[in-house]
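Asker: Sending over a structure as structure tokens; questions will come in a sec.
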Amino acid sequence: MELRHLRYFVAVAEERNFTRASERLFIAQPPLSRQIQQLEEELGTPLFQRGTRPLKLTEAGRFFYGHARDMLARAQDVQAMTRRIGKIERKLSLGFVPSTLYGILPKIIRRFRSEYSHIELTLHEMATVEQNQALKEGRIDVGFGRVRIDDANVRRIVLREEVMMLAVPFEHPLGLAGKPVRLQQIVHEPLILFPRAPRPSFADQVLAAFRDRGLEPANMQEVRELQIALGLVAAGAGLSIVPKSVHGMQRTDVTYLPLDERGVTSPIVMAIRMLDDSQDLRNLLTLIYEIYDDEGIPYVRETL
């Protein structure tokens, strides 16, 4: 059994059609059919129910599909890491979601570049879901996001939990009162969520905070990014729940209020490939914890 057999099988299983799978793989259909037949002969069991449309997997086929995908992902993971380790030059590619830039991340990047100037650090803005795929494809080496995504090939380290705050327009009654706000108080207010896509995202964490308390916002608008949400808040179009680090932006047309709720937080998550424990990543994680100590930020230490 070779990796190409696994790729061919996964393509047919996902397309549920030999013709579409052959187009996806850029090979003719007869050779593809022969390769699948050889795989079934080697395994000693049929993987597809012939004669069904669309094509269906047998029970053995469903079992094999899950493991075939995992093996392909791990092979890709090892290939990406080997490629990076084999490079003469030292590089580290970092993905991040925009909202993390308002917190400690810029300080982390500056300090890393200062202490490890021999390493070329490149930055890529991308959503957490996009980071997950980029890690497995070797396009980035580490990602910083806000969503926990289960993937056997990616390890996620929750660096800390960031408190959420409420952003309201200047001179809004809640802002003028200057008191902590309960979610119950704003459930009927226009709520501006971000980002609109891809999901899951910070927007889903905000909605979960409401639903955990048996609340459902009555009027919601989804926008592409944080800056647009704050611009709409400033224009009086609604309220928005944001990470506490945004408070440092010092807008005169937006007031930030604490939430009178327990456990309404958004995690800062560092994601790496499951098998990657390189010295560069260990140094980065150690540096993050040193900065957290300097800033008095609570966290639970993990090691690579």
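Asker: Answer with yes or no whether V163 is open to solvent by less than 30 Å² (accessible area, probe 1.4 Å) and in contact (Cβ under 8 Å) with a residue 60 or more places away in the chain.
Answerer: no
Asker: Inside the range 224-304, counting only strands (runs of 3 or more DSSP E) that do not spill past its ends, which hold 3 or more residues that are under 30 Å from G138 (Cα atoms) and open to solvent by 60 Å² or more (accessible area, probe 1.4 Å)?
Answerer: none
Asker: Every residue in the range 13-31 that is more than 20 Å from G66 (Cα to Cα) and not charged (D, E, K, R), please.
Answerer: T19, S22, F26, I27, A28, Q29, P30, P31
Asker: Consider only pairs whose beta carbons are under 9 Å apart and that are at least six residues apart or on different chains; among these, list those whose first residue lies in the range 243-259 and is modelled with pLDDT of 85 or more and whose second residue is small (G, A, S) and exposed (fewer than 15 other Cβ atoms within 10 Å of the Cβ).
Answerer: Short answer, once both residue conditions are applied: D253/A235; T255/G178; L257/A177; L257/G178.
Asker: Name the residue that is nearest to V242 (Cα to Cα), counting only residues in the range 186-201 that are assigned to a loop (DSSP other than H, G, I, E, B) and open to solvent by less than 40 Å² (accessible area, probe 1.4 Å).
Answerer: This residue is F194.
Asker: Let me ask something else about it. List pairs: first residue in the range 263-292 and acidic (D, E), second residue assigned to a strand (DSSP E or B) anywhere in the structure, Cβ distance under 7 angstrom, at least six positions apart or on different chains.
Answerer: D280/L92
Asker: Return the residues of the range 202-223 that are touching a strand residue (DSSP E or B) at 6+ places or on another chain (Cβ under 9 Å), assigned to a loop (DSSP other than H, G, I, E, B) and either open to solvent by less than 50 Å² (accessible area, probe 1.4 Å) or acidic (D, E) (or both); say none if nothing qualifies.
Answerer: P217, V223
Asker: Could I ask something else about it? Name the one entry in E41, E14, E23 that is free of Cβ contacts under 8 Å to residues at least 12 places away in the same chain and either outside any helix (DSSP H, G or I) or under 30 Å from P195 (Cβ atoms) (or both). Let's see the steps before the verdict.
Answerer: Working: E41 fails: either outside any helix (DSSP H, G or I) or under 30 Å from P195 (Cβ atoms) (or both); E23 fails: either outside any helix (DSSP H, G or I) or under 30 Å from P195 (Cβ atoms) (or both).
Only one candidate qualifies: E14.
Asker: Being under 29 Å from A152 (Cα atoms), free of Cβ contacts under 8 Å to residues at least 24 places away in the same chain, surrounded by 14 or more Cβ atoms within 10 Å (Cβ to Cβ) and not β-branched (V, I, T) narrows it down to one of A60, A68, so name that one.
Answerer: A60
Asker: Pairs only if they're at least six apart or on different chains, beta carbon under 8 angstrom, first in the range 214-234 and under 13 Å from A167 (Cβ atoms), second surrounded by fewer than 16 Cβ atoms within 10 Å (Cβ to Cβ) and among the aliphatic types (A, V, I, L, M); list them, first residue then second.
Answerer: As it stands, the answer is L230/M249, since those pairs meet every condition given.
Asker: Quick one: is R4 under 32 Å from the mean Cα position of the chain (by Cα), surrounded by 13 or more Cβ atoms within 10 Å (Cβ to Cβ) and either among the hydroxyl-bearing types (S, T, Y) or assigned to a helix (DSSP H, G or I) (or both)?
Answerer: no
Asker: Where residues in the range 139-160 are farther than 22 Å from R74 by Cα and of a type in the set (D, E, K, R), which of them is most open to solvent (accessible area, probe 1.4 Å)?
Answerer: R160
The values are calculated or read from the model by the stated rules, or taken from the named source; none is laboratory data. Just so it is clear, the structure is predicted and the values come from calculations on it, not from any experiment. With ideal geometry, Cβ positions are generated from the backbone for all residues, glycine too; neighbour counts draw on all protein chains shown. Note: accessible area is taken over every heavy atom of the protein model, side chains too, but ligands, DNA and RNA are not part of it. Shrake-Rupley method; radii C 1.70, N 1.55, O 1.52, S 1.80 Å.
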